[in-house]
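**Student:** There's a structure below that I have some questions on.
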Amino acid sequence: MRIVTAAQMREADRQAIEDLGVPAVCLMESAGAALAQACAGSQRVAFLCGKGNNGGDGFVAARHLAVAGKEITVLLVGDEKEIRGAAATHFAPLRRCGVKIASLKDATLSGYDLLVDCLLGTGATGAPRGVIAEAITAANASGVPIVACDIPSGVNADTGEVLGEAIRAKATLTLGALKPGLLLYPGAEYAGKVTVARIGLPTFAPPAQELTTIDWVRATLPKRTQGRDANKGAFGTVLVIAGSRGMAGAAVLTATAALRAGAGLVYLAVPESLVATVAALSAEIVIRPLPETPEGTHGGAGALAALLPLLERADAIALGPGMTAGQAVQEFIEALLQNTSLPLVIDADGLNAIAQKAALLSSLTERERVLTPHPGELGRLLGMQTSAVQASRTEVVGRVAQNFGSVTLLKGARTLVASPTGQLYYNREGSVALATAGSGDVLTGVIAALLAGGLSAESAARCGAYWHAIAGETLPVGSLASEIRDALPLARQRLESGEVDDL
C-alpha cells in the first residue's frame, strides 16, 4: 500500500492535469464523491470548508449528499468571493441543490450528526491560526463525530507533527494514497480509522515508502505444509547467541520465540555458567555452553572455536539479546561476523558492540542481515540523543540502513523497516501491550526463524514485525513477553484467516 508525501501528491495532480489532460474539476469530483460516500450514513452534516482544494472536495460531497436528501450545511472560512479555480466551479451550484451556506466564524457546531473537516489540505504546514484554529477547537469540543478529508487539519502530512490545534477525527478519508502523517505519531492519534480513496491519479513508480499489508505477509510467510519428508530439519535451524550472567531470560525468550515462529530446531549458545538456569527455563531448546569471561559474558578463550560446529548446522543466527557490552564481547562479535556468512539478526548489546563498526558491517555485503534497534540503540548507532531519533524516525532509520549496509527495523509505535537501497516500510500499528520488557527479544526470535525459513532480510523483518504486532493485539495491557511469544501461533492463524484489517 503506497505512502506518498505532500510533494508527491502535488506532482501526481500535475501529471494528471497537464500530462494526461484530466481537468482539475474532474479530479475534485472524484474526491468529493468518495467523501460523500464516507459520510452517507449521517442525515445532518456540516462541512467545515477552507477556500482551497480541500474545501472544494467538501463542496462536491455536500452537493452529492444534498441531492440525496440529506440536510447539509457548508460553513465557510472567509468570503465566498475568494474561492477560485475548480473549487469555485463546484461551489456555484450548492445553493440551488439545497445546501445551506454560512460563515464558519459565526457558526454553532452543535445539532449535527457529523462534522466534515475540509479546512486544510496536505500542503498546509505550521500551526493553524485565526478562525481556522478557533474552528478546530470548537469542532473538537462539540462532541459531534468528525470525518477528516485527506488529513486532519493541523496534522503535518509528511511528519505527523501537531504544532498547535488539530482535528481529532473519528475517521479520515485520504485521497489517492496514504500520507506519512496518518501513520506516524502523534498524527496517527488524530486520524482515527483511515480509508484510502482511489481517485484516478497516476501511479507512482516505484514507491519509496509502503505500508506492509496483510495480503503481502500472508503470501510471503514460509509455508509449513504436510508431506512425507516433513521433519524438524526441513523448517530451518536457528542458532541463538545470547545471554550473560543475570540475563538468561532474554536468551530463552529469543530461542523459544524462534520455535513458536516455526523454526524446526533451535540451538542456544550461552556462557557456560548459564546452562543450568537456561535448562530450567525451557526444555525445548538445545543448549550449548561456551567458554566465558570472568564477568560471565561471551568472549572467553576458545569461545569462537567452540561455536564453529554450530555455525555449520545453522541456517540463521540471532545475536545479542541479554549479552553485556564490553571489550571481550565486542571482539567476540567482530570475529564471529568475519567467520560466518549465515543470515543473521542483531539486537540489544549485539548492536551496541557494533555501534562503531559501520565499515565492518557494510563490507560484509554477501549476507542477509537485520538490525533491530529501539530508539535508544539506534541513537547509539548514529551518536544521537533518543529524542532526536524520535523526532525524525523515517530519516534516521534509513540512514542506519545505508551506513551499516543492513536492513534496519526501528521499534516503536508504527515500527519502520528500512533497506540499504532507500526503501522504507511502515508496519501495522500494533498494540501498546507490546511495550514491555522482553518484547523485542521475542521479535528477534521471530525474525531469525523467518531467515532460517529462507526469507530475505527485508521480507523477514517486514513479516516478523507484522506477525509480532498481531500477537500483541490479541493481548491486554500488562501481558508479559512470554505471553506475546506464546500468542504467536494463534496470531499466525488469525493472519492467515484474513480476519484482521490493515488500517
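The values are calculated or read from the model by the stated rules, or taken from the named source; none is laboratory data. Here the structure is a predicted model, which means the values were calculated and not measured. Glycine gets a Cβ as well: all are built from the backbone with ideal geometry, and neighbour counts include every protein chain shown.
**Student:** Do you know which residues across segment 36-52 are of a type in the set (A, V, I, L, M, F, W, C) and within 23 Å of T108 (Cβ to Cβ)?
**Tutor:** C39, V45, A46, F47, L48, C49
**Student:** Kindly indicate whether any position in segment 53-74 is modelled with pLDDT under 95, assigned to a helix (DSSP H, G or I) and among the acidic types (D, E).
**Tutor:** No.
**Student:** Out of all the residues in segment 470-480, which are surrounded by fewer than 21 Cβ atoms within 10 Å (Cβ to Cβ) and at negative phi? Spell out the reasoning first.
**Tutor:** So in segment 470-480, the residues surrounded by fewer than 21 Cβ atoms within 10 Å (Cβ to Cβ) come out as 473-480.
Answer for segment 470-480, where residues must be surrounded by fewer than 21 Cβ atoms within 10 Å (Cβ to Cβ) and at negative phi: E473, T474, L475, P476, V477, S479, L480.
**Student:** Okay, moving on. Within segment 273-324, how many residues turn out to be of a type in the set (D, E) and surrounded by fewer than 17 Cβ atoms within 10 Å (Cβ to Cβ)?
**Tutor:** Residues in segment 273-324 being of a type in the set (D, E) and surrounded by fewer than 17 Cβ atoms within 10 Å (Cβ to Cβ): 3 in total.
**Student:** Residues that are out of contact with any strand residue (DSSP E or B) (no Cβ under 6 Å at 6 or more places or on another chain) and within 21 Å of V196 (Cβ to Cβ): does segment 94-111 have at least one?
**Tutor:** Scanning segment 94-111 turns up no residue that is out of contact with any strand residue (DSSP E or B) (no Cβ under 6 Å at 6 or more places or on another chain) and within 21 Å of V196 (Cβ to Cβ).
**Student:** For segment 407-421, which residues satisfy the criterion of being more than 9 Å from the chain's Cα centre (by Cα), under 18 Å from M1 (Cβ atoms) and either crowded, with 23+ Cβ neighbours inside 10 Å or not polar (S, T, N, Q) (or both)?
**Tutor:** If the condition is that a residue be more than 9 Å from the chain's Cα centre (by Cα), under 18 Å from M1 (Cβ atoms) and either crowded, with 23+ Cβ neighbours inside 10 Å or not polar (S, T, N, Q) (or both), then A418 is the only one that fits.
**Student:** Any idea which of (1) buried (at least 17 other Cβ atoms within 10 Å of the Cβ); (2) modelled with pLDDT of 95 or more; (3) under 21 Å from L184 (Cα atoms) is the one G453 doesn't satisfy?
**Tutor:** (3)
**Student:** Hey, another quick one. Just one of the numbered conditions (1) among the small types (G, A, S); (2) surrounded by 14 or more Cβ atoms within 10 Å (Cβ to Cβ); (3) at positive phi is not true of G69; which one?
**Tutor:** For G69, the failing item is (2).
**Student:** For V238, only one of the following conditions fails: (1) within 21 Å of A34 (Cα to Cα); (2) part of a strand (DSSP E or B). What is its number?
**Tutor:** (1)
**Student:** For segment 121-129, check the following and say yes or no: at least one residue is β-branched (V, I, T), in contact with a helix residue (DSSP H, G or I) (Cβ under 6 Å, 6 or more places away or on another chain) and either within 20 Å of Y426 (Cα to Cα) or at pLDDT 95 or above (or both). It would help to see each step written out before you state the result.
**Tutor:** Looking only at segment 121-129, we keep the residues that are β-branched (V, I, T), and these are 122, 125.
Right, trim to in contact with a helix residue (DSSP H, G or I) (Cβ under 6 Å, 6 or more places away or on another chain) and you get 122.
Next cut, either within 20 Å of Y426 (Cα to Cα) or at pLDDT 95 or above (or both) only: 122.
So far as segment 121-129 goes, yes, one or more of its residues are β-branched (V, I, T), in contact with a helix residue (DSSP H, G or I) (Cβ under 6 Å, 6 or more places away or on another chain) and either within 20 Å of Y426 (Cα to Cα) or at pLDDT 95 or above (or both).
**Student:** Moving on. Looking at segment 425-440 only, could you name the residues that are of a type in the set (S, T, N, Q) and in contact with an Asp or Glu (Cβ under 6 Å, 6 or more places away or on another chain)?
**Tutor:** Residue satisfying the conditions is S431 alone.
Listed here are the residues, each with its yes/no results for (1) out of contact with any Pro (no Cβ under 6 Å at 6 or more places or on another chain); (2) β-branched (V, I, T); (3) closer than 22 Å to E134 by Cα; (4) surrounded by 21 or more Cβ atoms within 10 Å (Cβ to Cβ).
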{"position": "L173", "(1), (2), (3), (4)": "yes, no, no, yes"}
{"position": "G176", "(1), (2), (3), (4)": "yes, no, no, yes"}
{"position": "P180", "(1), (2), (3), (4)": "yes, no, no, yes"}
{"position": "Y185", "(1), (2), (3), (4)": "yes, no, no, no"}
{"position": "E189", "(1), (2), (3), (4)": "yes, no, yes, no"}
{"position": "P202", "(1), (2), (3), (4)": "yes, no, no, no"}
{"position": "P207", "(1), (2), (3), (4)": "yes, no, no, no"}
{"position": "T212", "(1), (2), (3), (4)": "yes, yes, no, yes"}
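**Student:** If we scan segment 49-69, do we find a residue that is among the acidic types (D, E) and either within 24 Å of G164 (Cβ to Cβ) or under 31 Å from the mean Cα position of the chain (by Cα) (or both)?
**Tutor:** Checked segment 49-69: at least one residue is among the acidic types (D, E) and either within 24 Å of G164 (Cβ to Cβ) or under 31 Å from the mean Cα position of the chain (by Cα) (or both).
**Student:** Same structure, new question: Out of segment 489-503, which residues are free of Cβ contacts under 8 Å to residues at least 60 places away in the same chain, surrounded by 13 or more Cβ atoms within 10 Å (Cβ to Cβ) and not small (G, A, S)?
**Tutor:** R494
**Student:** Among the candidates A355, A359, which residue alone is over 22 Å from A250 (Cβ atoms), more than 23 Å from the chain's Cα centre (by Cα) and modelled with pLDDT under 95?
**Tutor:** Among A355, A359, only A359 is over 22 Å from A250 (Cβ atoms), more than 23 Å from the chain's Cα centre (by Cα) and modelled with pLDDT under 95.
**Student:** G41 is checked against (1) part of a helix (DSSP H, G or I); (2) farther than 22 Å from A138 by Cα and fails just one. What number does that condition carry?
**Tutor:** (1)
**Student:** Only one of A418, A433, A469, A413 is closer than 21 Å to L178 by Cβ, free of Cβ contacts under 8 Å to residues at least 60 places away in the same chain, out of contact with any strand residue (DSSP E or B) (no Cβ under 8 Å at 6 or more places or on another chain) and small (G, A, S). Can you tell me which?
**Tutor:** After ruling out the rest, the residue left standing is A469.
**Student:** Of all the residues that make up segment 353-376, how many are within 18 Å of G398 (Cβ to Cβ) and polar (S, T, N, Q)?
**Tutor:** The number of residues fulfilling the criteria is 3.
**Student:** Determine the pairs where a residue that is over 23 Å from A255 (Cβ atoms), located within segment 216-243, has a partner that is modelled with pLDDT of 80 or more and of a type in the set (S, T, Y) with Cβ atoms under 6 Å apart, the partner being 6 or more residues away or on another chain.
**Tutor:** Sorted first by the residue in segment 216-243, then by its partner, the pairs are V217/Y466; T220/S459.
**Student:** Looking only at residues in segment 75-95 that are in a helix (DSSP H, G or I), aliphatic (A, V, I, L, M) and without any contact (Cβ under 8 Å) to a residue 60 or more places away in the chain, which one is surrounded by the fewest Cβ atoms within 10 Å (Cβ to Cβ)? Don't jump to the end; show me each part of the working.
**Tutor:** Going through segment 75-95, the residues in a helix (DSSP H, G or I) turn out to be 80-82, 85-91, 95.
Subset that is aliphatic (A, V, I, L, M): 86-88.
Within this subset, residues satisfying the condition of being without any contact (Cβ under 8 Å) to a residue 60 or more places away in the chain are 87-88.
Working: A87: 25, A88: 16.
Among those that are in a helix (DSSP H, G or I), aliphatic (A, V, I, L, M) and without any contact (Cβ under 8 Å) to a residue 60 or more places away in the chain, it is A88.
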